[in-house]
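Read-outs throughout are calculated quantities, based only on the coordinates presented, and are distinct from any laboratory measurement. This one's a predicted model, so the numbers in the text were calculated from it and none came from an experiment. Positions of Cβ are generated from backbone atoms using ideal geometry, with glycine treated the same way; all protein chains shown enter the neighbour counts.
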Amino acid sequence: MFCTKCGYKNIAEALYCQECGTSLAHKIEPLLTTDDCKRQKELAELNKPQVAIGSGQEQNSGQEPWPKSVQHSNFIVKHWNGNYSLGISYWIIGCLLSAPLNIFIRILEENGGAEGAGYLMTGAVIIIMAIWQTVGIWKSASKHVGRGGKKFWAITVKIVVAFQIIFGFLLPLG
């Protein structure tokens, strides 16, 4: 089902658009007969805007431009907005992406750690990455039920993320 506000292609069972959050109205439309389909096609052809060749407004090879649902944002923005599934956000981005960073931190600790600007740079990268991962996972969990996922998993992941914030970030500061 396409969102009427932003054009994003959502799953048929979604209650809200996973791109912009607009409520999706589920209407049951009557089946069209063959004659109705032909009439709609004829009307669509008649209502097509006429564009003069060479005006710079014609479409490439008669195809429509890509709809918004096909356009892709970059990996970082897509995760930050919670547009990956909960499984990808939590397991791939949250867990697997953290492993190389944790290995790097352990290597630094074993070799005496970073000093001066290197120490600040390493800390800044870790904090930025942790915030990015946490926000993306939280937003993905918030959209999980709207995508047809189970509420249990969305709540469970939010609880785990809350514990991560409390015990991973806040308690070490105190």
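Highest first, please rank the peptides 16-24, 81-89, 157-165 by the mean number of other Cβ atoms sitting within 10 Å of their residues. Provide the component values of the computation, followed by the final result.
On the way: 16-24: 17.0, 81-89: 18.6, 157-165: 14.7.
Ranking, from highest mean packing down: 81-89, 16-24, 157-165.
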* Placed amide H near Phe2: partners under 5 Å, 5+ positions off or other chain -> Asn10
